[in-house]
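The values are calculated or read from the model by the stated rules, or taken from the named source; none is laboratory data. As the structure is a computational prediction, the values presented were derived from the model and not from experiment. Note: ideal-geometry Cβ built from the backbone for every residue, glycine included; neighbour counts use all protein chains shown.
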DNA sequence: AGAGATTTCTACAGTGCGTAGAACACTTAC
DNA sequence: GTAAGTGTTCTACGCACTGTAGAAATCTCT
């Protein structure tokens, strides 16, 4: 239960980008951000979407369990359920788990990791 | 460019399962295998699919670059382009690359790895 | 209560996947 | 070499997911 569409992804990116902020996002916040981050790599933002479009996407993301919506306050507040790092790591585990020969997969995975990343991993794993 | 449907996945599993065999699979081989491995976990196999269905799927997998087809011999021979481990590892890299904060993702990833896997990783990273 | 903002409902078009028939191409047995 | 199989290509349908958004309902504030 993973893959996101392009727009869904873009919205999640907005939510993740402002996840640290104490206040969760309102729709208006998101729209403002999306127009502002037009020059990004994605090329998808800043495309002047209808308000309802974003709302639909938010609902779908909510149904998928990626977004939580506070219905108490009136302009509802939306926020990512888990951080991008958590979410991505979970996805990686899902992928890893999809193969029966996990060890073999890990071997290949490590084989093609950058030097910097290998270093990070060593630190994270501690020295045995 | 990743996700596979259920049937596509099942077909890839067949191809991967017999990847070591010197001879690549013909359609007939695959059909035979699929009927045989009916009792598996998947529950999708052994469903008495039309021959053309499997062929269609093979074509799509070929278009996606996951399957290679030898057109020389007459019953064409089909085989997975890369091993399941390679493919899965590549997917993991794709997922990892989809986040800007790769280090953070790796940290979470390592955090929720089983003890055995952690051990494997340490060995693989061995020489510093 | 009215105006404006927000949310829900409904819908349509495009794409991907499971599914397979119809037709075409090739191989092999006679 | 012709017919019967067997394998392949073409075409297509239905369903689910995604991008997209209008219409209508609901809420807030003055």
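Return the residue satisfying two criteria in turn: it lies in the stretch A:17-31 and is within 16 Å of DNA strand D (Cβ to nearest atom) and modelled with pLDDT of 90 or more, and of such residues it is nearest to the other protein chains (Cβ to nearest Cβ). Checking each candidate, the answer is A:30. For the stretch A:99-128, the set of residues classified as in a loop (DSSP other than H, G, I, E, B) and crowded, with 16+ Cβ neighbours inside 10 Å consists of A:99, A:113, listed by residue number.
Yes/no matrix, rows are residues, columns are (1) modelled with pLDDT of 95 or more; (2) touching a strand residue (DSSP E or B) at 6+ places or on another chain (Cβ under 6 Å); (3) at the interface with chain A (Cβ under 7 Å from one of its Cβ atoms):
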{"position": "B:66", "(1), (2), (3)": "yes, no, no"}
{"position": "B:78", "(1), (2), (3)": "yes, yes, no"}
{"position": "B:87", "(1), (2), (3)": "yes, no, no"}
{"position": "B:109", "(1), (2), (3)": "yes, no, yes"}
{"position": "B:112", "(1), (2), (3)": "no, no, yes"}
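For the stretch B:47-85, taking the residues that are more than 9 Å from DNA strand C (Cβ to nearest atom) and assigned to a loop (DSSP other than H, G, I, E, B), the one that is farthest from the chain's Cα centre (by Cα) is identified as B:72.
Residues checked against (1) buried (at least 16 other Cβ atoms within 10 Å of the Cβ); (2) under 30 Å from residue B:10 (Cα atoms); (3) within 16 Å of DNA strand D (Cβ to nearest atom); (4) modelled with pLDDT under 95:
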{"position": "A:36", "(1), (2), (3), (4)": "no, no, no, yes"}
{"position": "A:47", "(1), (2), (3), (4)": "no, no, yes, yes"}
{"position": "A:54", "(1), (2), (3), (4)": "yes, no, yes, no"}
{"position": "A:59", "(1), (2), (3), (4)": "no, no, yes, no"}
{"position": "A:95", "(1), (2), (3), (4)": "yes, yes, no, no"}
